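The values are calculated or read from the model by the stated rules, or taken from the named source; none is laboratory data. Quantities reported herein were computed from a predicted structural model and do not represent experimental measurements. Because the Cβ atoms are built from the backbone with ideal geometry, glycine has one as well, and the counts that use them run over all protein chains shown.
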């Protein structure tokens, strides 16, 4: 690896300590190389070998075990009497704040940049107010297949929206692109942070919308309905009634039951009409016509006038799972009074 020797002397056989992505690295210098006069360090070609090099100059160090060293961090040399553990801690100081911002056990994207400075800028941006994107993995350098595999862990954790690599100012190898397509990992690449953010937020917005659409079938919006006696249009499956919404939100797909009749379950709201127009939801104070469709044979046998009457209230049949779905996907669609109603329904149905 290329380093700039700032002070002192470095020789073959010296033990060096570097900052690595996964912890401190310790290695023995195998050889020291410098370019020939009037040539740059980065230009490929033959190099001059040295037994020792004095500061200050740029050199190439050959050693085993430094593959994950972080560009832009300090390299320390262990001398006689130096505490190796102390050198390890000192070498990792540059990465301390970055590691603190990564939760490897939780859900989040993988962030990748060209240098330590670029990675710090990317992480600060992702964690800034208004952005707030969790990070579960970091790396420096080009995106390879192993980086895609690390991001694919989110698929196993059932957090597919975070199975992504955000590559800032780094190339993506063809093999990594192909693997990402095969396993379902998204790779977003840009040279400007804001462009990277725009790409990912557009994707995240669509992913959340897809999740909400898939979860809607499991959602039970809290509602209490009063039957309008003069508006009973069909007494058996599908039951069609006119109702007034006393509390909560009436939403298509919500299962209904009659607590006062022993918890008789009627089916799910199949459709709603408000002012002769089809709607997906209606709120407290609205008078709507609704159609209830049975989901099983027992519900299909329910009949207005036999199993329940206009004196009974129709209530959404909430469960622990349906409440969790509301919290995860539909929190913004419910007001304070709606959450108070959920608490009442939890007590009614004995939900912890």
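Taking first residues from the stretch 196-215 that are within 15 Å of residue 165 (Cα to Cα) and partners that are at pLDDT below 80 and not in a helix (DSSP H, G or I), the Cβ contacts under 8 Å between residues at least 6 apart in sequence or on separate chains come to 197/131.
For the structure I just gave you, tell me whether residue 148 is modelled with pLDDT of 85 or more and part of a helix (DSSP H, G or I).
Against the criterion (modelled with pLDDT of 85 or more and part of a helix (DSSP H, G or I)), residue 148 qualifies.
Got a sec? Which of 177, 216 is within 28 Å of residue 132 (Cα to Cα) and modelled with pLDDT of 90 or more?
Within the list 177, 216, the selection yields 177.
Of the residues 53, 102, the single one that is more than 30 Å from residue 177 (Cα to Cα), buried (at least 16 other Cβ atoms within 10 Å of the Cβ) and in contact with a strand residue (DSSP E or B) (Cβ under 6 Å, 6 or more places away or on another chain) is 53. Of 172, 131, 77, 165, all but one fail to be closer than 20 Å to residue 201 by Cβ, in contact (Cβ under 8 Å) with a residue 60 or more places away in the chain and touching a helix residue (DSSP H, G or I) at 6+ places or on another chain (Cβ under 9 Å); the exception is 131. Within the stretch 161-179, is there a residue that is under 14 Å from the mean Cα position of the chain (by Cα), assigned to a helix (DSSP H, G or I) and under 30 Å from residue 333 (Cα atoms)? Yes: the stretch 161-179 contains one or more residues that are under 14 Å from the mean Cα position of the chain (by Cα), assigned to a helix (DSSP H, G or I) and under 30 Å from residue 333 (Cα atoms). Within the stretch 256-287, the set of residues being farther than 26 Å from residue 307 by Cβ and loosely packed, with under 15 Cβ neighbours inside 10 Å comprises 275, 276, 277, 278, 280, 285.
Could you tell me which of the residues 121, 91, 111 is assigned by TED's automatic domain parsing to the domain that holds residue 76 and either in contact (Cβ under 8 Å) with a residue 60 or more places away in the chain or crowded, with 16+ Cβ neighbours inside 10 Å (or both)? Please lay out each step first, then the result.
Numbers: 121 fails: assigned by TED's automatic domain parsing to the domain that holds residue 76; 111 fails: assigned by TED's automatic domain parsing to the domain that holds residue 76.
None of the others qualify; the one that does is 91.
For the stretch 192-204, the criterion of being at pLDDT 90 or above, within 17 Å of the chain's Cα centre (by Cα) and surrounded by 19 or more Cβ atoms within 10 Å (Cβ to Cβ) is satisfied by no residue at all.
The strands (runs of 3 or more DSSP E) found wholly in the stretch 238-352 and carrying at least 2 residues that are under 26 Å from residue 208 (Cβ atoms) occupy 239-251, 264-274, 277-279, 281-283.
Looking at the stretch 273-282, is at least one residue closer than 18 Å to residue 220 by Cβ and in contact (Cβ under 8 Å) with a residue 40 or more places away in the chain? Within the stretch 273-282, one or more residues are closer than 18 Å to residue 220 by Cβ and in contact (Cβ under 8 Å) with a residue 40 or more places away in the chain. Pairs meeting the criteria (first residue in the stretch 295-306 and farther than 17 Å from residue 229 by Cα, second residue assigned to a strand (DSSP E or B), beta carbons under 7 Å, at least 6 apart or on different chains) are 295/267; 295/268; 299/265; 299/266; 299/267; 302/264; 302/266.
Quick one: is residue 58 in contact (Cβ under 8 Å) with a residue 12 or more places away in the chain and assigned to a strand (DSSP E or B)? Break it down stepwise before answering.
On the way: in contact (Cβ under 8 Å) with a residue 12 or more places away in the chain: yes; assigned to a strand (DSSP E or B): yes.
So residue 58 fits the description; yes.
A count restricted to the stretch 112-134 and to residues that are closer than 20 Å to residue 93 by Cα and in contact with a strand residue (DSSP E or B) (Cβ under 9 Å, 6 or more places away or on another chain) stands at 11. Against the numbered list (1) out of contact with any helix residue (DSSP H, G or I) (no Cβ under 6 Å at 6 or more places or on another chain); (2) under 30 Å from residue 15 (Cα atoms), residue 194 comes up short only at (2).
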